[in-house]
Amino acid sequence: MPNALRTAVFCTLLATGLKLSIAYTNVYGEDLGACSQEGMALTGYTRTGYCVDQQDDSGSHHICIDLNSTSGGNFCSVTGQSDWCSGDSGCDGGDDDDASCPIQNWCVCQWAFANYLEGAGGCDMVQDIVCEAINMEAVTAYRAKSGTQKYRL
């Protein structure tokens with residue numbers, strides 16, 4: 001599926017408020033896919049490669065974004081963060097614990113992503129997202145905050 005279509009599907013799902021109750025599903029209602037892959041920096045709050053969290057992950061890092069894509073505004077720049085988006089971190093896969101790989105597909109905070117959508121100018125103005133790896137918990141959380149303008153679906 002082309003990236004522009006993926007972004008459109010995700011934004012449509014946000015707009016329709018699709019909600020599933022099965023744990024660790026993606027926005028399509030399927031098993032949550034891995035965000036990072038071998039050769040990329042290992043992502044996820046739990047550093048498993050998946051956009052899952054634990055109770056102490058106040059950022060709810062549920063959105064998988066391809067920080068290497070050139071479409072849209074740079075996530076770090078638009079959200080006012082330091083440029084960790086262009087950095088390196090421990091690798092996904094492999095046996096060398098000291099190896100460093102580029103940050104590419106990364107689980108970002110769903111609240112920072114909402115700011116990113118707003119700051120970049122909407123769904124057509126952001127870097128590519130990886131819908132298969134976006135945790136449905138993000139959509140559920142956005143629906144719960146739908147009384148706030150920024151999170152309205």
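The values are calculated or read from the model by the stated rules, or taken from the named source; none is laboratory data. All figures in this text were calculated on a predicted structure; none of them were measured in a lab. Methodologically, a virtual Cβ is constructed for each residue, glycine included, from the backbone with ideal geometry; neighbour enumeration extends over all protein chains shown. Quick note on the areas: whole protein, heavy atoms, side chains included, nothing else; ligands and nucleic acids left out. Shrake-Rupley method; radii C 1.70, N 1.55, O 1.52, S 1.80 Å.
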- Message: Against the definition (outside any loop (DSSP other than H, G, I, E, B) and at pLDDT 95 or above), how does Cys107 come out, yes or no?
- Response: yes
- Task: Output the residue which, of all residues in the stretch 127-148 that are of a type in the set (D, E, K, R) and assigned to a helix (DSSP H, G or I), is least open to solvent (accessible area, probe 1.4 Å).
- Result: Glu132
- Search result, residues across the stretch 92-126 that are in contact (Cβ under 8 Å) with a residue 60 or more places away in the chain, over 15 Å from Gly39 (Cβ atoms) and crowded, with 22+ Cβ neighbours inside 10 Å: Cys107, Val126
